[in-house]
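Right, one structure below, let's go through it.
The values are calculated or read from the model by the stated rules, or taken from the named source; none is laboratory data. These figures come from a predicted structure and were not determined experimentally. Here Cβ is always computed from backbone atoms with ideal geometry, including for glycine, and neighbour counts include all displayed protein chains. Note: accessible area is taken over every heavy atom of the protein model, side chains too, but ligands, DNA and RNA are not part of it. Shrake-Rupley method; radii C 1.70, N 1.55, O 1.52, S 1.80 Å.
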Amino acid sequence: MTDDYLTTPLDATAVENLKAGGLRFVHLGGDDKATFEAWLQAIGRGFHAPRVPAEEIDGRLEAFAERRMAGVYDDTASDAATPVGTISSWPTDLTVPGHTSVLAWAISTVTVSPTHRRRGIARNLMEAELRTASRLGVPVAILTASEATIYERFGFAPAAMAASWKLDVKRIRWTGPVPTGRVHLVESNSIRDGGGFDLLERVRLGLPGQTRFWGILWNRLFEFPGSDDAKHVRVVRYDDAAGDLQGLAIYKVVDNDHAPAELQLRYLVAATDDAYAALWRYLLEIDLIGTITTNLSNVVEPFLWQISDARAARKRDEGDHLWVRILDVKAALEARRYSASGTIALEISDTLGFAAGNYLLRVNGDGVGVVTTGEATPDAACLSLSANELAALYLGGTSAFTLARAGRVEEKTPGAAEAFDRAFRSELPPSLNIWF
Ligand SMILES: CC(C)(COP(=O)(O)OP(=O)(O)OC[C@H]1O[C@@H](n2cnc3c(N)ncnc32)[C@H](O)[C@@H]1OP(=O)(O)O)[C@@H](O)C(=O)NCCC(=O)NCCS
């Protein structure tokens with residue numbers, strides 16, 4: 001996609017709706033520092049974060065340059081320069097089954113001031129984003145959610161999960177493979193500005209649910225500007241026997257006066273099984289560490305089968321993380337690959353209209369799907385569902401059989417849910433390891 005998304009006018013319906021409520025919906029050009037600063041501080045207020053120090057504003061302005069930013073203003077408020085609503089968005093790539101991507105509209109920084117809550121500001125902002133993405137021809141929208149109760153009403157559903165892990169290091173001996181390459185401790189910037197991003201991109205296509213990310217999201221893995229974190233972050237890289245970068249881990253140790261310390265793993269990415277084993281073995285064998293904790297890890301981790309005591313590794317907080325919304329059924333379904341051939345008919349309802357209709361998906365022997373609109377053919381496995389369920393199923397991590405049992409999907413032909421699952425399943429559970 002070109003940079004048109006940055007200048008595309010705001011959605012006219014939302015502008016009118018908000019105007020009727022005495023509010024101005026404004027597109028931020030990114031060239032006015034004072035306006036940007038007020039917008040940024042409003043986001044911090046919305047998420048109960050501390051104010052961003054003045055010396056960090058320029059850096060943030062640069063970091064947000066690739067986003068489309070908008071604010072809602074109440075000119076009657078005492079501080080009329082600070083928006084009462086904020087949102088930002090940008091196009092990115094979302095990995096789908098089959099080592100490929102779909103163009104996705106990422107939505108972020110949705111906040112409404114506590115003084116203006118529950119009068120429809122967020123609804124207008126969200127519907128505006130969906131219409132804008134649809135107008136620009138982006139087939140799916142994605143977000144990560146602060147609460148699981150907000151976005152279903154806009155046609156989103158959780159499609160990729162994440163989990164936290166806690167490993168009791170003192171009970172664990174590494175029993176997995178011994179890698180053939182080398183782990184190197186390196187300075188953050190050597191990998192942040194060096195080959196790290198390319199590695200990430202290479203790995204991303206292997207796991208549905210990952211998104212292409214850069215700028216502030218990438219830099220944030222290494223440090224939170226101005227926070228104490230930057231002083232503690234350690235980075236290791238893994239080079240294979242040929243000396244090529246195949247993995248990296250970013251972590252921080254929280255020291256407790258030399259008592260066994262906690263290692264907080266911020267991010268681990270491995271292009272090969274060898275790199276994965278090398279990095280985990282390294283982490284588990286660092287002296288003075290009592291526990292390793294992780295956040296936003298994959299829900300299935302091979303390390304469980306590479307340690308002497310599997311009960312010393314506990315999965316915690318497994319749950320929804322990436323929320324998906326299908327805007328264009330044909331483009332979205334044709335972007336991914338399938339694990340079984342066949343014909344699937346979908347009767348889709350959608351309160352906002354984008355995905356509503358009857359569709360036929362024909363998958364050939366190579367796992368390539370072609371979608372047409374129209375009624376089910378006699379050979380089709382037919383399901384009736386809403387845009388939400390379609391979103392939950394899209395990346396292959398949720399089972400139609402389970403949704404049918406839950407009453408969320410209706411089988412119009414016997415065995416349709418199982419036929420759907422055979423085609424849609426993903427070998428690896430979809431996962432996303434960052435917030436955006
Ligand atoms: C979440 C938030 C943006 C909602 O803003 P808002 O302007 O009050 O929302 P709206 O008035 O447009 O509400 C739209 C709908 O969502 C519902 N809703 C809004 N916030 C909700 C919440 N936190 N939990 C459940 N439902 C919520 C409303 O009841 C309304 O439902 P309806 O239209 O089906 O009757 C706002 O509460 C906020 O800023 N929260 C803190 C920051 C945050 O969590 N942002 C989300 C980031 S992912």
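Return yes when T115 is polar (S, T, N, Q), open to solvent by 10 Å² or more (accessible area, probe 1.4 Å) and either modelled with pLDDT under 95 or not assigned by TED's automatic domain parsing to the domain that holds R337 (or both) and no when it is not. Criteria met by T115.
In the stretch 223-270, the residue that is modelled with the lowest pLDDT out of those that are exposed (fewer than 14 other Cβ atoms within 10 Å of the Cβ), among the aliphatic types (A, V, I, L, M) and more than 30 Å from E55 (Cα to Cα) is A259. If we scan the stretch 163-186, do we find a residue that is open to solvent by 40 Å² or more (accessible area, probe 1.4 Å), within 13 Å of the ligand (Cβ to nearest atom) and either in contact (Cβ under 8 Å) with a residue 40 or more places away in the chain or on the phi < 0 side of the Ramachandran plot (or both)? No, every residue in the stretch 163-186 fails to be open to solvent by 40 Å² or more (accessible area, probe 1.4 Å), within 13 Å of the ligand (Cβ to nearest atom) and either in contact (Cβ under 8 Å) with a residue 40 or more places away in the chain or on the phi < 0 side of the Ramachandran plot (or both).
What about A49, is it among the aliphatic types (A, V, I, L, M), within 11 Å of the ligand (Cβ to nearest atom) and assigned to a loop (DSSP other than H, G, I, E, B)?
Considered against the rule, which asks whether it is among the aliphatic types (A, V, I, L, M), within 11 Å of the ligand (Cβ to nearest atom) and assigned to a loop (DSSP other than H, G, I, E, B), A49 comes out as yes.
Counting only strands (runs of 3 or more DSSP E) that sit wholly inside the stretch 61-139, those with at least 2 residues that are under 30 Å from L393 (Cβ atoms) are 85-96, 100-112. Pairs are defined by a Cβ separation below 6 Å, a sequence spacing of at least 6 or placement on different chains, a first member in the stretch 91-102 that is modelled with pLDDT under 95, and a second member that is crowded, with 19+ Cβ neighbours inside 10 Å; no pair meets this definition.
The residue pairs whose first member lies in the stretch 302-326 and is farther than 15 Å from S431 by Cβ, whose second member is surrounded by 14 or more Cβ atoms within 10 Å (Cβ to Cβ) and of a type in the set (S, T, N, Q), and whose beta carbons are closer than 6 Å, counting only pairs six or more residues apart or on different chains, are R316/S164.
Screening F47 on (1) in contact with a Pro (Cβ under 9 Å, 6 or more places away or on another chain); (2) within 18 Å of W435 (Cα to Cα) shows it passes everything except condition (1).
Across the stretch 98-107, which residue is farthest from the ligand (Cβ to nearest atom) among those that are more than 16 Å from F47 (Cβ to Cβ), open to solvent by less than 40 Å² (accessible area, probe 1.4 Å) and of a type in the set (A, V, I, L, M)? Among those that are more than 16 Å from F47 (Cβ to Cβ), open to solvent by less than 40 Å² (accessible area, probe 1.4 Å) and of a type in the set (A, V, I, L, M), it is V102. The single residue among V140, V110 that is modelled with pLDDT of 95 or more and within 11 Å of the ligand (Cβ to nearest atom) turns out to be V110.
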